[in-house]
Every structure is written in structure tokens, then in C-alpha cells.
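One structure is given here, and the rest of the page talks about it.
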Amino acid sequence: MNGLNREQRIHEPRPDRLATLNPTAAAVGPVVRPFTIPLPDARVQVKIAVFGSPLFTGTPVPYDVTFGGNITVQLWLAIAETDPNGILIPTVNLVGTRAAPQLIPTDIDVMGYSETVNADGDAVVGEVTFTHSGAGPGTPPITVWWLKTRYQPVSGALFEVREWQQIVGAASPRVPGTPLLAGALPP
């Protein structure tokens, strides 16, 4: 095998908590949560998912994470290149634009958004904007919003163990700051 270990190579970093939203709490927002997802090698694709899930197990899914429009979630994703000073510069929009992000989810039977990116760039930059218009009727579930990524080789790409370890070492999303907290909930 010429030094290649042909085991399946998948790297799934721990998901990052973006927000915990209590739809019965007071109004919050808009609050913008930026993030950066490195693209360490053009031969590696990354699945990017932004989704809400119930804080407490046993909650039936799917449910309308917008709670009838009480909560809005908007997403912007773009490919970025690094300039000579090390600054990431957005160059190609993937989802929405920074000025007009895409409303997610697009259907009440889906609880987020997911896309696989196979692009030659230095990173994917993005922002999730949360707006909570105030307490709604009833007692809908408290929802945690996550950023989840999964890196894996594109079809046909093979990596030596050491090379894959270097790629994985550079493949960790960055979400600065503290998760948005709506209502009196632990982070």
C-alpha cells in the first residue's frame, strides 16, 4: 500500500454551542455569533451544520424551532482567503450574504441547516444571527443551537497517517465569546 493506511478518515470535532433559547423568556437580540471553520487541505471536504435541539431529552422532534416566528435564526457562510497580514477576507458567499443572511430553517419540519463544502479556500467564515421577539404562548421546549462540523477526504483522496494527523490538527472550528443565553439558563 506504499505506506498508506486506507482506513476511513473522518474527523468530527466537538460541536460548539451557539445559543440556548428559551421561547418563553423576554425578548433578546439580534445577537450575532461569528465563527471560523478552517479548510486545511483542498482534498478534504467539511460538513457544516447549524441546528437547534431540545435541551431536555424526551422532547419529540421535529418541532418548530422558530415557535411560530417568535425566534428567528439567520445564517451567512462565505469562503475566505488569508491576506498577507493573516486576516481572513471573505471572497465567495455560500449561504446568504452578510447584509442579507438566509433565514433558517426553511421548513418547520427541519430544525436547522447543513451543507458540505468542498472548496479551495483557507476557511469558511460565517455568522448566525438570533432574534427573540419575546415570550410566546404555551410552554415550548428550550432549544440549544449548535455548530457541528465533520471533516473527511473527498472521494479518491488518500492520506498517510502523519499527513491526516496534521490536517486534523488544523481542523477545529472557532466560535469566539460566550453562547447567547435567553432566559435564566446555565450556559
Go through V65, V61, V31 for me and flag whichever is modelled with pLDDT under 95, buried (at least 16 other Cβ atoms within 10 Å of the Cβ) and part of a loop (DSSP other than H, G, I, E, B). V65
List pairs: first residue in segment 155-169 and at positive phi, second residue surrounded by 14 or more Cβ atoms within 10 Å (Cβ to Cβ) anywhere in the structure, Cβ distance under 9 angstrom, at least six positions apart or on different chains. G156/R43
Residue under question is E115, and the condition is that it be out of contact with any Pro (no Cβ under 8 Å at 6 or more places or on another chain) and either within 30 Å of P23 (Cα to Cα) or outside any strand (DSSP E or B) (or both); does it hold? yes
Quick one: is R17 in contact (Cβ under 8 Å) with a residue 60 or more places away in the chain, assigned to a strand (DSSP E or B) and either in contact with a His (Cβ under 8 Å, 6 or more places away or on another chain) or under 28 Å from A119 (Cβ atoms) (or both)? yes
Hits in segment 96-143 - residues which are within 25 Å of H11 (Cβ to Cβ), in contact (Cβ under 8 Å) with a residue 60 or more places away in the chain and in contact with a Gly (Cβ under 7 Å, 6 or more places away or on another chain): M111, G112
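The values are calculated or read from the model by the stated rules, or taken from the named source; none is laboratory data. Bear in mind the structure is a predicted one, so any value in this text is a computation, not a measurement. All Cβ positions, glycine included, derive from the backbone under ideal geometry; neighbour counts span all protein chains shown.
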